[in-house]
Amino acid sequence: MEEFLTEEAQNLFKKIQNEFQRPVSDKGEALAYFCGNSLGLQAKGTSAAISEVLNDWAELAVDGHFIAGRRWYDYPTLLTPSLAKLCGAKESEVAAMGTLTGNLHLMLVSFFQPEGKRTKILMEAGAFPSDHYAVETQLKFRGLNPSENIIEVFPREGEDSLQTEDILKAIHDHSDELALVLFSGVQFLSGQAFEIQAITAAAHSIGVKAGFDLAHAIGNIRLELHQWNVDFAVWCSYKYLNGGPGSVAGIFVHERYASDNSLPRFGGWFGHDESRRFLLEKGFNPILGARGWQLSNENILSLAAIRASLELFDLVNPDLLEKRRNLLNYKLQEIINQFQEILTITPKSRGAQISVKLRTGNEKALFAHLRDNGVVVDFREPGILRMAATPLYTTENDISKLEAALKTFFRGQ
Ligand SMILES: Cc1ncc(COP(=O)(O)O)c(C=O)c1O
């Protein structure tokens with residue numbers, strides 16, 4: 001597989017693979033890790049990046065905010081060039097802040113404006129529960145009944161993923177009652193990559209805004225959020241961004257809203273005009289751009305961990321990253337296809353993740369067998385195994401290990 005990459009690219013990826021910590025079994029053997037869709041691996045630079053902040057804290061205490069080598073005051077902005085690149089956005093359109101679900105609430109406050117007959121939110125059926133809870137509670141908060149105001153788009157009978165034409169049709173069918181379209185970029189369970197640009201265009205054609213949950217998309221699929229005219233997006237950084245458990249999340253807000261003070265929003269002091277932040281005055285005056293939604297000073301230890309991983313992303317151009325992701329995915333699919341007991345539910349439109357079921361229904365047994373054989377995938381009810389070969393750190397050796405474990409499970413050899 002690597003032979004499809006130039007020697008220079010192969011060397012680059014080898015170097016980057018060595019920059020990640022590998023989880024080990026209780027026997028001390030390196031595990032083949034396919035769970036980057038859930039929690040990315042730790043970059044080796046993470047300890048040093050966090051230690052730097054700890055040392056500054058120890059030695060400078062409160063002065064760390066302003067005179068540390070990497071000042072805490074601006075630390076989130078250190079991440080914006082890399083995040084903007086991964087999102088296909090301008091730097092002013094992204095902010096490292098908060099948590100995914102918290103940020104989704106902030107975005108709904110600004111971009112969900114029910115009016116008259118237009119009170120409904122269109123989502124994919126089976127959206128991540130937290131998104132559903134956010135939408136349900138936002139509706140209730142505005143005195144609307146969730147069971148009447150969420151429109152879900154379902155896969156066709158017997159199918160596991162959505163057809164783009166069905167999503168677009170649903171948007172048009174509900175054109176006079178929708179107030180927002182909210183979709184994920186990559187579906188967390190099926191691994192389907194949605195056509196963000198087409199969904200956004202359909203929403204705009206009926207005068208409705210479109211927002212996206214990119215938890216499984218950022219650092220995974222190619223994004224061009226600015227050019228696609230996406231209104232807003234939110235993400236977490238503990239999956240493909242390898243930022244560590246519960247790490248600081250992020251938002252994208254299209255630049256056309258940068259100075260739109262007509263948008264309702266919840267404010268906090270870190271979204272306030274920086275030049276006046278410490279004047280302790282009243283009257284919220286948001287920073288222009290996505291940072292105007294930031295509420296608080298962020299967790300610097302967490303930002304340091306994300307920075308360590310983003311430095312590795314910065315070493316690879318997006319085309320090359322996509323190429324290796326596709327090569328790994330092709331190889332993984334080829335292996336899965338050797339076993340007729342395995343049914344792939346991820347459609348062709350996908351990122352790094354492949355989700356499968358077993359025709360025999362014993363997914364939990366396979367999950368346990370893989371784990372016993374040093375291969376980490378994840379299991380999700382109702383019987384789906386998800387595995388992601390991530391371009392930054394999955395190796396051919398990891399894939400061979402998975403193949404060997406599948407053979408012993410299905411063929412006993
Ligand atoms: C698709 C998706 N959306 C939202 C969330 C919730 O993220 P958080 O707990 O960081 O708010 C997750 C978490 O895994 C997710 O996978």
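Laboratory data are not the source of any read-out in this text; all were calculated from the coordinates shown. Fair warning: this is a prediction, and the values are worked out from it, not measured in the lab. Quick reminder, even Gly has a Cβ in these numbers, built from the backbone with ideal geometry, and neighbours come from all protein chains shown.
In summary, the lysines within cross-link reach of K364, defined as a Cα separation below 21 angstrom excluding same-chain residues under 8 places away, comprise K401, K407. For region 236-268, backbone nitrogen atoms closer than 16 Å to the point 7 Å from Q113 Cα along Cα-to-C-beta are found at 254-266. Available extension along the chain between D26 and E334 is 107.9 nm, counting 0.36 nm per residue and deducting the alpha carbon span.
The lysine pair tally for region 63-313, using Cα distances under 22 Å and a gap of 8 or more places or different chains, is 10. Modelled spin labels at L280 and S51, positioned 7 Å past Cα toward Cβ, are 4.0 nm from each other. Rg and Dmax of region 63-313, based on Cα coordinates, read 18.0, 61 Å.
The alpha carbons of region 106-155 stretch over 29, 23, 17 Å along the principal axes, in descending order. In this label model, D319 and K407 are separated by 3.7 nm, measuring between points 7 Å along each Cα→Cβ vector.
Using only alpha-carbon positions in region 191-280, the gyration tensor eigenvalues give semi-axes of 26, 21, 9 Å once each is multiplied by 5 and square-rooted (largest first).
To the nearest µm²/s, what D does Stokes-Einstein give for region 295-413 at 10 °C and 1.306 mPa s, using the Kirkwood radius over alpha carbon pairs as Rh? D = 99 µm²/s. Using the Cβ-Cβ distance between D63 and E159 with R0 = 56 Å, the FRET efficiency computed as 1/(1 + (r/R0)^6) comes to roughly 0.45. Here region 63-313 is treated with +1 on each Lys and Arg Cβ and -1 on each Asp and Glu Cβ, and its dipole about the Cα centre works out to around 780 debye.
Taking packing as the residue-averaged number of other Cβ atoms within 10 angstrom, the listed peptides 59-70, 324-335 run from highest to lowest as 324-335, 59-70. Note on K14 and H204: with the Förster distance fixed at 56 Å, the Cβ-Cβ geometry gives a FRET efficiency of about 0.80.
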